[in-house]
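The values are calculated or read from the model by the stated rules, or taken from the named source; none is laboratory data. The structure displayed is predicted, hence computed values, not measured ones. When we count neighbours, we look across all protein chains shown, and the Cβ atoms used for this are built from the backbone with ideal geometry, even at glycine.
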Amino acid sequence: MINNRFGINAKPVITQYDMRKYSAAVFFLLITVLCSTGCLKEKITDNTRLINKGGSTTTMLNINMSTDKAAYNPGDVVTITIDQSVPATAHVRYKQAGDIVHDAAVTGTSWTWASPSTDFTGYMVEVYDTVQSKEVIYGAIGVDVSSDPSRFPRNGFLSAFGALSSTDMNTVMASLNRYHMNYVQFQDWEYEHQNPLAGTPAAPDPNWKDIANRDNYLNTVQSYIATAHGYNMKALSYNLCYGALSNANSEGVQDQWYLYNDANHGTKNVNPLPMPPFKSNIYVLDPSNTSWQNFIAGKTNDTYQVYNFDGWQVDQLGDRGSVYNYSGTKVNLTTTFAPFLTAMKAAAPTKRLVMNAVTQYGQPQIATAPVDFLYSEVWSPDDSFSDLTNIIQSNDAQTSGAKRSVLAAYMDYNVANNAGYFNTPGVIMADAVIFAFGGSHLELGEHMLGKEYFPNANLVMPDDLKAAMVNYYDFLTGYENLLRDGGTFNNPAVSSADSKVKLNNWPPQLGQVSVIGKDMGTKQVIHLINFTNANSLAWRDADGKEVKPVTITNPQFTFSTTKTVAKVWVASPDFNNGASQILSFNQSVGQVTFSVPSLQYWDMVVVEYQ
């Protein structure tokens, strides 16, 4: 992603949250060169072999589960595979929002399930057994049955398109499938911003140099697209809505289409880039100029003839300051995005669109356009956990919840300047907050993102984080109807019944467990997020200093309600692989008392009414 806010004609200043994608690139490319012998690097590994390790607290047997697709159409056959045999007494059950819809004996290490006909529904699939009169969970996995991915978007990325082997590409895509990514953006795959396709539709080039002079290959891009489609993922081409390189005039881009820093069209608005390694600065055009719209729509349609992308992940550079069109009229860039997107949709009606709102710049206008979901790249001053949730709720309000949110929010930002590891507690806490409020997190591709320059792979996920990410994305997928499908956030009256925790309603406070409620009509969802021993309320964990929460065992809670309660259950991505568990409870005089087995990062309690 590009987070560009250089002053007009000013020298770039690199700061913690204002670093530009392309200006940062030199720094990270230099690191790559300097660290070529001795930096901590990780060969591409299959994350599906690392999942669910240590996730169950009730049995030593803990299986890895996988499905053959990231999402399914209603009625599709789901193929489920486990990596080891389970006892003959083991069963598999399919749950929807805690209710069992089917149960069967496990036969072998691979089997099929005909998904129900109900559209836009998430399921948790649990392999379980009864051992010495106690239920044990061997493994669990989420399944998304949705005819359109825009209802519950989960956005991953790709950022390297060199001469990759089929084995490496398949490994990357298998990992994204295991995380249930239903959209994949192809970051910086293109040849030139004003001319994404290298060559022509009739004779495309087999390889080309991207903006940073990296080698990209036709076979790699096409293979990634085909593999994504095999997993029922949508492949999105990446490009700016208004970028052109220094050679654009020779390719048909006219001076009358650009944005200028002055009313006399004397100086084009430009995003300066260091050369080398970059081929050119990026010059900014007027997205509302119909000639530019027609030009870039035609070039994009040329691309679609060669590469079977499902659409376009549209980027911007944020607030460009005071800019003017060729005729000298001052342009409010935020008002140009919706007409641009509408024109792109008209030019390619079957292709999908998503557009980045850098620090929410132009999001109200983007929300009115034909985009699949609302994509927000988060920068300062939105530094706190409550800022993250405000962004999600603001996005929800733009479309009355019709378009869901994906946040590009880069973790361990300062740590990522050098080789090392992501800090597991900080990443998990950010995802717990984002997911509890119904958003998704752009963070996973060939590696996890620590910088807005996507090829930066300085940081590696430790094994506990890999396992946690699988459990968290299973949770986001399996419980999507409770997390991302309606309801009204509220402040339920929840108190500690045994003084093991201090509680507060959101926003969070250090030293306490934060309560997030959602009224679902016949259900009350109660999220418990544990900030008891957190050292900061800054979501980015920029220096990687957040600590693992102390697990609270069997905390007891009281929930006040005048309604008659039929059932209380809990699920957490932190234990039993996200499998739900029915809780015993007592109700009297308008109060319901229950205990949860444990609280580490995040528990979701669901109170169901009669």
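Exactly one residue among 343, 397 is surrounded by fewer than 20 Cβ atoms within 10 Å (Cβ to Cβ), hydrophobic (A, V, I, L, M, F, W, C), farther than 27 Å from residue 445 by Cβ and free of Cβ contacts under 8 Å to residues at least 12 places away in the same chain, and that residue is 397.
Taking the condition of being on the phi < 0 side of the Ramachandran plot and part of a loop (DSSP other than H, G, I, E, B), how many residues in the stretch 158-193 meet it? I'd like the intermediate steps shown before the answer.
We begin by selecting, within the stretch 158-193, every residue on the phi < 0 side of the Ramachandran plot; these are 158-179, 181-187, 189-193.
Subset that is part of a loop (DSSP other than H, G, I, E, B): 159-165, 179, 181-182, 187, 189-193.
Here the count works out to 16.
Going through 375, 413 one at a time, which residue ends up being within 14 Å of the chain's Cα centre (by Cα) and of a type in the set (Phe, Trp, Tyr)?
Working: 413 fails: within 14 Å of the chain's Cα centre (by Cα).
375 is the lone residue from the list that is within 14 Å of the chain's Cα centre (by Cα) and of a type in the set (Phe, Trp, Tyr).
Just wondering, is there one or more residues in the stretch 498-512 that are under 14 Å from residue 607 (Cβ atoms) and either of a type outside the set (Lys, Arg) or out of contact with any strand residue (DSSP E or B) (no Cβ under 6 Å at 6 or more places or on another chain) (or both)? No: zero hits. Counting the residues of the stretch 362-385 that are surrounded by fewer than 16 Cβ atoms within 10 Å (Cβ to Cβ) and either among the hydroxyl-bearing types (Ser, Thr, Tyr) or touching a Cys at 6+ places or on another chain (Cβ under 9 Å) (or both) gives 2.
If you go through the stretch 483-492 one residue at a time, do you hit one that is polar (S, T, N, Q), in contact (Cβ under 8 Å) with a residue 60 or more places away in the chain and assigned to a strand (DSSP E or B)?
Our first condition is that a residue be polar (S, T, N, Q); within the stretch 483-492, this holds for 488, 490-491.
Then drop every residue that is not in contact (Cβ under 8 Å) with a residue 60 or more places away in the chain, which leaves none.
Checking the stretch 483-492: not a single residue is polar (S, T, N, Q), in contact (Cβ under 8 Å) with a residue 60 or more places away in the chain and assigned to a strand (DSSP E or B).
Among the residues of the stretch 512-562, those that are charged (D, E, K, R) and closer than 18 Å to residue 383 by Cβ comprise 540, 541, 543, 545, 546. Condition check for residue 321 on (1) under 30 Å from residue 203 (Cα atoms); (2) touching a residue at least 60 places away in the same chain (Cβ under 8 Å): one failure, at (1).
Residue count for the stretch 128-151 under the criterion of being of a type outside the set (A, V, I, L, M) and under 19 Å from the mean Cα position of the chain (by Cα): the result is 7. Exactly one residue among 174, 203, 163 is aliphatic (A, V, I, L, M), out of contact with any strand residue (DSSP E or B) (no Cβ under 9 Å at 6 or more places or on another chain) and either surrounded by fewer than 24 Cβ atoms within 10 Å (Cβ to Cβ) or closer than 30 Å to residue 336 by Cα (or both), and that residue is 203.
Could you list all residues from the stretch 549-568 that are of a type outside the set (Gly, Ala, Ser), surrounded by fewer than 21 Cβ atoms within 10 Å (Cβ to Cβ) and closer than 14 Å to residue 98 by Cα?
Step one: filter the stretch 549-568 for residues of a type outside the set (Gly, Ala, Ser), giving 549-559, 561-565, 567-568.
Now narrow it down to the ones that are surrounded by fewer than 21 Cβ atoms within 10 Å (Cβ to Cβ): 550-554, 556, 558, 561-565, 567.
Selection gives 567 alone.
Evaluate the stretch 371-380: report whether one residue or more is closer than 18 Å to residue 483 by Cα, free of Cβ contacts under 8 Å to residues at least 40 places away in the same chain and in the same structural domain as residue 456 (by TED's automatic domain parsing). Looking through the stretch 371-380, at least one residue is closer than 18 Å to residue 483 by Cα, free of Cβ contacts under 8 Å to residues at least 40 places away in the same chain and in the same structural domain as residue 456 (by TED's automatic domain parsing). Residues of the stretch 402-450 that are surrounded by fewer than 24 Cβ atoms within 10 Å (Cβ to Cβ) and either modelled with pLDDT under 95 or of a type in the set (Asp, Glu) (or both): 446 alone.
Just one of the listed residues (541, 574) is in contact with a strand residue (DSSP E or B) (Cβ under 8 Å, 6 or more places away or on another chain) and either in a loop (DSSP other than H, G, I, E, B) or of a type in the set (Ser, Thr, Tyr) (or both), namely 574.
With respect to residue 146, is the statement that it is farther than 30 Å from residue 212 by Cα and hydroxyl-bearing (Ser, Thr, Tyr) true? Yes: the conditions hold for residue 146.
Against the condition over 13 Å from the mean Cα position of the chain (by Cα), in contact (Cβ under 8 Å) with a residue 24 or more places away in the chain and either in the same structural domain as residue 184 (by TED's automatic domain parsing) or under 25 Å from residue 535 (Cβ atoms) (or both), how does residue 477 come out, does it pass? Lay out the reasoning, then the answer.
Numbers: over 13 Å from the mean Cα position of the chain (by Cα): no; in contact (Cβ under 8 Å) with a residue 24 or more places away in the chain: yes; either in the same structural domain as residue 184 (by TED's automatic domain parsing) or under 25 Å from residue 535 (Cβ atoms) (or both): yes.
So residue 477 fails the test.
Only one entry of 365, 393, 360 meets the criterion of being among the polar types (S, T, N, Q) and more than 18 Å from the chain's Cα centre (by Cα), and that entry is 365.
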